[in-house]
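Engineer: Dumping the structure here so I can ask a few things about it.
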Ligand code: PGA
Ligand code: ZN
């Protein structure tokens, strides 16, 4: 009864209006699992690659080949497989495409299929997805601490500012609802400040305010001002988190801040960011150096690893081997977990486990191109990842994930919220 009867791909559209892949997995007993592939804009070069059709139509971003791969080889190979065996299902996908970047089947075809089978397995077991994930991978479920974008930047805002995400976290909140309330206040306070300056110009790709700033520091100053305007003391209940996404503006240890027309060496960038860590209540910083700047990442972690969470996104691309290598090098202390960087659920869980084994924290994350798919809210809760990054506090492809956490909370109980615990290693955690 738990055998796969059919696997069907279709083209749907993401939050940026680009085509993407949706997969339906139907079991012999009629159960239907469905998932949609997200898409990144600031992708790591070592992550699973989406298969795109190229050519003049749809700016080359068509997914006809990826959908055909779902309906052809993937469907044929998964037919009759036991839905309860996620590892075997994902191993089958990897046998079909053993390439390093998964560009034969397409990371988009693979991730939508893998997540759809996970949904079908949960429904087949008559469990909500978060519970199925917790049981299947023997984890203690918990509601994550959100990282929420207030200003977008980098590749998500036409490179208007260099830094990609200016975010807040509310580790001092005692419930997920409280995080939502505080975020609402800070988000709109930031909007008011921008409006007063005549700088309010809509939102970036993930719903954060469009970054009409004269410098990266002005964005940080404005964020602090917004936290204060919302009635909070910066660094107390509310703190700052940055995604530098440095691979987007530097390679081979040489960086260019376009906003200020300034060239920086790896050491200069470390000094600049170190200055920000002193000046602003920043507790978490993602990809501070480029994906190829191992020496820079090691030096940054040596200087600041005991006071700030240092997240590897492009640097470890949800890959267990790269997490292990980075842990051995002491090149960061937290892994961003994006299922579509890995390509399959099994590989993403392996990367998460590698992070845990290294004593790191972990953040389950959305991509800048998203949809109504809420798989990550469940994965984050079910794995007990501790933190969840979804984008901002506007636009339904973001809000749908926060709202799903609230529904999960009704099942799981409000005391399942981890609050500031993941930040114990940072100065915020140490000062509590
Ligand atoms: P992306 O970026 O989804 O556009 O690749 C998100 C991130 O860097 O965290
Ligand atoms: Zn990132």
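Engineer: Enumerate the helices (runs of 4 or more DSSP H) found wholly within the stretch 237-336, keeping only those where 3 or more residues are within 18 Å of residue 47 (Cβ to Cβ).
Structural biologist: 320-329
Engineer: For the stretch 229-256, how many residues are closer than 24 Å to residue 281 by Cβ and free of Cβ contacts under 8 Å to residues at least 12 places away in the same chain?
Structural biologist: 1
Engineer: I've got another one for you. All but one of (1) in contact (Cβ under 8 Å) with a residue 24 or more places away in the chain; (2) in a helix (DSSP H, G or I) hold for residue 43; which doesn't?
Structural biologist: Single failed check for residue 43: (2).
Engineer: May I pose another question? Is it true that residue 83 is away from ligand 1 (no atom under 16 Å from the Cβ), farther than 30 Å from residue 16 by Cβ and surrounded by 23 or more Cβ atoms within 10 Å (Cβ to Cβ)?
Structural biologist: The answer is yes for residue 83.
Residues checked against (1) in contact with a helix residue (DSSP H, G or I) (Cβ under 6 Å, 6 or more places away or on another chain); (2) closer than 27 Å to residue 205 by Cα; (3) crowded, with 24+ Cβ neighbours inside 10 Å:
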residue	(1), (2), (3)
306	no, no, no
327	no, no, no
348	yes, yes, yes
378	yes, yes, yes
398	no, yes, no
402	no, yes, no
411	no, no, no
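Engineer: Confirm whether residue 319 is away from ligand 2 (no atom under 16 Å from the Cβ) and in contact (Cβ under 8 Å) with a residue 12 or more places away in the chain.
Structural biologist: no
Engineer: If I filter the stretch 30-40 down to residues being in contact with a helix residue (DSSP H, G or I) (Cβ under 7 Å, 6 or more places away or on another chain) and not in a strand (DSSP E or B), which single residue comes out as nearest to ligand 2 (Cβ to nearest atom)?
Structural biologist: Within the stretch 30-40, the match that is nearest to ligand 2 (Cβ to nearest atom) is 38.
Yes or no, residue by residue, for (1) in the same structural domain as residue 120 (by TED's automatic domain parsing); (2) more than 14 Å from ligand 2 (Cβ to nearest atom); (3) part of a strand (DSSP E or B); (4) under 23 Å from residue 135 (Cα atoms):
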| residue | (1), (2), (3), (4) |
| --- | --- |
| 341 | no, no, no, no |
| 348 | no, yes, no, yes |
| 353 | no, yes, no, yes |
| 367 | no, no, no, no |
| 377 | no, yes, no, yes |
| 380 | no, yes, no, yes |
| 397 | no, yes, no, no |
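Engineer: So residue 8 fits all but one of (1) touching a residue at least 12 places away in the same chain (Cβ under 8 Å); (2) in a helix (DSSP H, G or I); what number is the exception?
Structural biologist: Looking at each condition in turn, residue 8 falls short on (2).
Engineer: When residue 293 is evaluated against the numbered criteria (1) surrounded by fewer than 24 Cβ atoms within 10 Å (Cβ to Cβ); (2) in contact with a helix residue (DSSP H, G or I) (Cβ under 6 Å, 6 or more places away or on another chain), which criterion, by number, is the only one it fails?
Structural biologist: So residue 293 meets the others, but not (1).
Engineer: Pick from 277, 259: which is touching a residue at least 12 places away in the same chain (Cβ under 8 Å), away from ligand 1 (no atom under 16 Å from the Cβ) and under 29 Å from residue 356 (Cα atoms)?
Structural biologist: Only one candidate passes the filter, namely 277.
Engineer: Could you identify the single residue in 330, 340 that is under 22 Å from residue 112 (Cα atoms) and touching a residue at least 12 places away in the same chain (Cβ under 8 Å)?
Structural biologist: Selected residue: 340, the only one of 330, 340 that is under 22 Å from residue 112 (Cα atoms) and touching a residue at least 12 places away in the same chain (Cβ under 8 Å).
Engineer: Take the residues in the stretch 363-392 that are under 10 Å from the mean Cα position of the chain (by Cα) and free of Cβ contacts under 8 Å to residues at least 60 places away in the same chain; name whichever of them is farthest from residue 405 (Cα to Cα).
Structural biologist: Taking the candidates together, the pick is 365.
The values are calculated or read from the model by the stated rules, or taken from the named source; none is laboratory data. Being a predicted model, the structure only gives us computed values, none of them experimental. Here Cβ is always computed from backbone atoms with ideal geometry, including for glycine, and neighbour counts include all displayed protein chains.
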